[in-house]
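Single-structure report; data block below.
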Amino acid sequence: MISEQRINAQNQINARANEVDGHLVRLFSEWQDIKARKVSGHGGFVKKLQAQLEEYEQSHNYNTEDWWLHCYASYTSIIACLRNRKTALKVEIYLARFDDETGILTHVHDCIKRKTDYTVEGVANNIKKATELEEQARQLRSQVRDFSIR
């Protein structure tokens, strides 16, 4: 059973992620079609962008006791990882894409509206419904297993 505490923690981190997503998308929008990533050495964000990210983290009290925010690149994507240290929950926020040969920011993603109004009852009902649908799908696949393409 999912607890009220767990539901509240998820709603809280989702609300914070929605806020961070909007702020960082606006920040990265200014870098559209501009070199944002170093392509030589150890990589990383260009100095000016790195300073902007650090200033954002400090001005919004991230990387302190409760909240941790880390922006990084993975392959050609720029991602922010928001973590609540008290609840150990985290959310990854996909922010932008860049060209790995030039470091130029090629695309800034739209913000994703994460759900912030989960309830214990709603989650429990959806888990139950999903389990029932999975069982129904297993039964249907079993009825046509002779025709399945693998």
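Here's how it looks for Ala36: its modeled amide H is under 5 Å from those of Ile104, Leu105, which are all 5 or more places away or on a different chain. Pairs of Cα atoms nearer than 8 Å and 6+ residues apart set the relative contact order; for the chain it is 30 percent. The C-alpha atoms of the chain occupy a region whose extents along the principal axes are 59, 42, 24 Å, arranged from largest to smallest.
If you take every residue apart from Lys128 with its C-beta less than 15 Å away from the C-beta of Lys128, what net charge results, scoring Lys and Arg +1 and Asp and Glu -1? Here the charged neighbours net out to -3. Considering Cα pairs under 8 angstrom that are at least six residues apart, work out the relative contact order of the stretch 71-150 and quote it in whole percent. Value for the stretch 71-150: 16 percent. Label reach from Ala88 (point 7 Å along Cα→C-beta): in the stretch 54-69, amide nitrogens under 17 Å belong to 66-68. Once the Cβ-Cβ distance of Asn8 and His60 is raised to the sixth power relative to R0 = 22 Å, the FRET efficiency obtained is 0.55. Of the GluC sites (Glu not before Pro) found in the stretch 84-150, the ones in coil according to DSSP and having at most 10 other Cβ atoms within 10 Å of their Cβ are Glu101. Residues in the stretch 32-49 carry Karplus couplings, in order, of 4, 6, 10, 5, 10, 10, 6, 10, 10, x, 8, x, x, 6, 4, 4, 5, 5 Hz; the curve used is 6.51 cos²θ - 1.76 cosθ + 1.60 with θ = phi - 60°, and Gly or Pro positions show x. Once the Cα atoms are used to define both axes, helix 120-143 deviates from the longest principal axis of the chain by about 60 degrees. Lys pairs in the chain, Cα-Cα under 17 Å, at least 8 apart or on separate chains: how many? Pairs that pass both the separation and distance tests number 6.
Computed from the coordinates by the stated procedures, all read-outs in this text should not be read as laboratory data. The model shown is predicted, which means the values in this text are computed figures rather than measured ones. Note: ideal-geometry Cβ built from the backbone for every residue, glycine included; neighbour counts use all protein chains shown.
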